[in-house]
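The values are calculated or read from the model by the stated rules, or taken from the named source; none is laboratory data. In this text, all values refer to a predicted model and were calculated from it rather than measured experimentally. Because the Cβ atoms are built from the backbone with ideal geometry, glycine has one as well, and the counts that use them run over all protein chains shown. These accessible areas exclude ligands, DNA and RNA; they are computed on the full protein's heavy atoms, side chains included. Shrake-Rupley method; radii C 1.70, N 1.55, O 1.52, S 1.80 Å.
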Amino acid sequence: MLDNTASASPSADPFEVLLAQRLGPHIEAAVQKGIDAALPDAVRKATRKEWMTSEEVQQLTGWSYRVLQNLRDTRRLAFSQNGRSILYETASLEALLAEGYVPAKRKKTR
């Protein structure tokens, strides 16, 4: 928290002290709002896997193996293949899903 007291510096400019007292709570609220908005996304990114198997992508999205194959063939989804093992980049999957995002319409209230 910010120290809004004038006793911190006896030679402090009264205008600066008044400004700090008035703006301090607003600055703290704005910083807290920014943290609250960014924290869920940061936690999700920190705890997610960087690469997902075909089965994990299918469970998450409900897509069939053929859909995944089509996305690979058309290079719309980044992947890594080692022999028969295929892994999909999570960031690429999220970008593909965000690309087709359509926001919901809100009902008008009377």
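Take the stretch 54-66 and flag every residue that is under 16 Å from ALA91 (Cβ atoms) and either in contact with a strand residue (DSSP E or B) (Cβ under 6 Å, 6 or more places away or on another chain) or assigned to a loop (DSSP other than H, G, I, E, B) (or both). Write out each step before concluding.
Quick first cut of the stretch 54-66, residues under 16 Å from ALA91 (Cβ atoms) only: 56-57, 60-61.
Result: VAL57, single match.
If I filter the stretch 23-46 for residues that are open to solvent by 90 Å² or more (accessible area, probe 1.4 Å), out of contact with any His (no Cβ under 7 Å at 6 or more places or on another chain) and within 12 Å of THR90 (Cα to Cα), do I get at least one hit? Checking the stretch 23-46: at least one residue is open to solvent by 90 Å² or more (accessible area, probe 1.4 Å), out of contact with any His (no Cβ under 7 Å at 6 or more places or on another chain) and within 12 Å of THR90 (Cα to Cα).
Residues that are small (Gly, Ala, Ser) and either surrounded by 10 or more Cβ atoms within 10 Å (Cβ to Cβ) or over 15 Å from SER54 (Cα atoms) (or both) within the stretch 64-110 comprise SER64, ALA78, SER80, ALA91, SER92, ALA95, ALA98, GLY100, ALA104, listed in sequence order. Residue pairs whose Cβ atoms lie under 8 Å apart, separated by 6 or more positions or on different chains, with the first residue in the stretch 87-110 and under 13 Å from ARG76 (Cβ atoms) and the second of a type in the set (A, V, I, L, M, F, W, C) and open to solvent by 100 Å² or more (accessible area, probe 1.4 Å), are LEU93/LEU60. The condition of being surrounded by 10 or more Cβ atoms within 10 Å (Cβ to Cβ), modelled with pLDDT under 85 and out of contact with any Ser or Thr (no Cβ under 7 Å at 6 or more places or on another chain) holds for LEU18.
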